[in-house]
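Input: a single structure, listed below in structure tokens.
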Amino acid sequence: MKNQKKEIAGAWTQAAGTIIAAIGTSEWLVLDDSAAEALIIIGNELQAAGSALEADGQDRPSLEKIGNELQAAGQFIRNCRTSLRSRRRKRVKAGHYRKSDSGTRISYCAWGRTE
């Protein structure tokens with residue numbers, strides 16, 4: 001009975017994660033990119049945790065247990081990839097801001113000298 005509760009909790013956690021990730025990917029809801037990405041990452045993490053709980057709640061080896069373990073591992077890898085990609089994007093944006101800021105400073109200094 002205890003393991004059955006763990007499986008049920010895992011299924012609900014996975015369902016909640018699916019809904020949160022779907023909200024993050026929906027086009028009808030206007031969110032900025034960082035908020036949408038955060039919802040997707042949180043949703044995927046909940047899905048992975050739910051799959052892991054379901055697999056842990058199963059007593060003996062079965063195809064269902066192996067499937068839940070593979071799904072949890074795949075979602076974990078996807079989360080790592082997504083968060084690495086978002087960090088890379090933030091670095092690129094910061095680099096663009098630095099370039100535009102230095103370009104503005106240079107043009108301002110040059111304009112100040114000609115006057």
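Anything in the stretch 17-55 that is among the acidic types (D, E) and modelled with pLDDT of 85 or more? List them, or say none. Walk me through how you get there before you give the answer.
Kept after step one, since they are among the acidic types (D, E), are these residues of the stretch 17-55: 27, 32-33, 37, 45, 54.
Scanning the stretch 17-55 gives E45, E54.
Quick one: in the stretch 81-93, which of the residues that are at pLDDT below 70 and of a type in the set (K, R) is surrounded by the most Cβ atoms within 10 Å (Cβ to Cβ)?
R89
For R78, indicate whether it is surrounded by fewer than 19 Cβ atoms within 10 Å (Cβ to Cβ) and assigned to a helix (DSSP H, G or I).
yes
Please specify each residue of the stretch 46-65 satisfying the condition of being surrounded by fewer than 19 Cβ atoms within 10 Å (Cβ to Cβ) and either closer than 18 Å to R78 by Cα or among the charged types (D, E, K, R) (or both).
Correct list: D56, D59, R60, E64, K65.
Hey, can you tell me all the residues within the stretch 4-33 that are closer than 23 Å to R85 by Cα and either without any contact (Cβ under 8 Å) to a residue 12 or more places away in the chain or not in a helix (DSSP H, G or I) (or both)?
Taking the stretch 4-33 first, the residues closer than 23 Å to R85 by Cα are 17-27, 29-33.
Those that are closer than 23 Å to R85 by Cα and either without any contact (Cβ under 8 Å) to a residue 12 or more places away in the chain or not in a helix (DSSP H, G or I) (or both): S26, E27, L29, V30, L31, D32, D33.
Would you call I40 surrounded by 13 or more Cβ atoms within 10 Å (Cβ to Cβ) and under 10 Å from the mean Cα position of the chain (by Cα)?
Working: surrounded by 13 or more Cβ atoms within 10 Å (Cβ to Cβ): yes; under 10 Å from the mean Cα position of the chain (by Cα): yes.
Yes; evaluated as a whole, the condition is true for this residue.
The values are calculated or read from the model by the stated rules, or taken from the named source; none is laboratory data. Predicted, not measured: the structure shown is a model, and the values here were computed from it. Cβ: placed from backbone, ideal geometry, glycine included. Neighbour counts: every protein chain shown.
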